[in-house]
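This report refers to the structure that appears directly beneath it.
The values are calculated or read from the model by the stated rules, or taken from the named source; none is laboratory data. The shown structure was predicted, so the numbers you read here are calculated from the model rather than taken from an experiment. So basically every Cβ, Gly included, is an ideal-geometry build from the backbone, and we count neighbours across all protein chains shown.
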Amino acid sequence: METAKTIYRGDLRTEALHVQSGVTITTDAPLDNQGKGEFFSPTDLVATALGSCMLTIIGIAARTHGFSIDGTEAAITKLMLSNPRRIEAVRIEFNFPDFAYSDKQKEIIERAGRTCPVALSLHPDLKQNITFNFKSQDSELKIKN
């Protein structure tokens, strides 16, 4: 079964249909590349897919090991290069709720996130700068790569 069907709507806009669910996503070229920037650009979706995939795989690991990541947020930033035009880096800062995660749970979270299918599928030249922020009552612990 097809995953998606995409139609070019003109004026640098596409519409993609997720075949299984019927949900659509519209994309625009970004403002800095002749577009309107009214929707996600395709490269925005790549960066967003990385963050969403990491959260999903972390969620699966958390469920498997009996703890929650509900309410975790990911701030995602895409950095572009111009010649050739491509994504240089994706920065993701995960902010976990104040659940007093154990060191073992933090290790599970980080390992799961870094081994999500999107992270492993992207070209090694694309830098993945990932930060995991865990809050505690006394301080905030940051784990960067």
Candidate set: the stretch 55-73, residues that are part of a loop (DSSP other than H, G, I, E, B) and of a type in the set (A, V, I, L, M, F, W, C); chosen: the one farthest from residue 116 (Cα to Cα)
67
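Kindly state which strands (runs of 3 or more DSSP E) lie completely within the stretch 1-54 and contain at least 3 residues that are surrounded by fewer than 12 Cβ atoms within 10 Å (Cβ to Cβ) and either at pLDDT 95 or above or among the basic types (Lys, Arg) (or both). Full working, then the answer.
Numbers: elements: 4-10, 13-18, 24-28.
Once the strands (runs of 3 or more DSSP E) in the stretch 1-54 are filtered for at least 3 residues that are surrounded by fewer than 12 Cβ atoms within 10 Å (Cβ to Cβ) and either at pLDDT 95 or above or among the basic types (Lys, Arg) (or both), what remains is 4-10.
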What about residue 44, is it charged (D, E, K, R) and over 14 Å from the mean Cα position of the chain (by Cα)?
no
Residue 91 vs (1) charged (D, E, K, R); (2) part of a helix (DSSP H, G or I); (3) surrounded by 12 or more Cβ atoms within 10 Å (Cβ to Cβ): all pass except (2)
I want to confirm something. Restricting to the stretch 11-41 and keeping residues that are closer than 23 Å to residue 83 by Cβ and of a type in the set (S, T, N, Q), which single residue is nearest to the chain's Cα centre (by Cα)?
41
Cβ contacts < 7 Å: first residue under 14 Å from residue 15 (Cβ atoms), restricted to the stretch 36-47; second residue assigned to a helix (DSSP H, G or I) and modelled with pLDDT of 95 or more, any location; separation 6+ or different chain. Result?
40/48
Being over 15 Å from residue 134 (Cβ atoms), outside any strand (DSSP E or B) and not acidic (Asp, Glu), is that true of even one residue in the stretch 74-87?
yes
Here's a check for you: in the stretch 59-80, which residue that is loosely packed, with under 12 Cβ neighbours inside 10 Å and over 17 Å from the mean Cα position of the chain (by Cα) is farthest from residue 42 (Cα to Cα)?
66
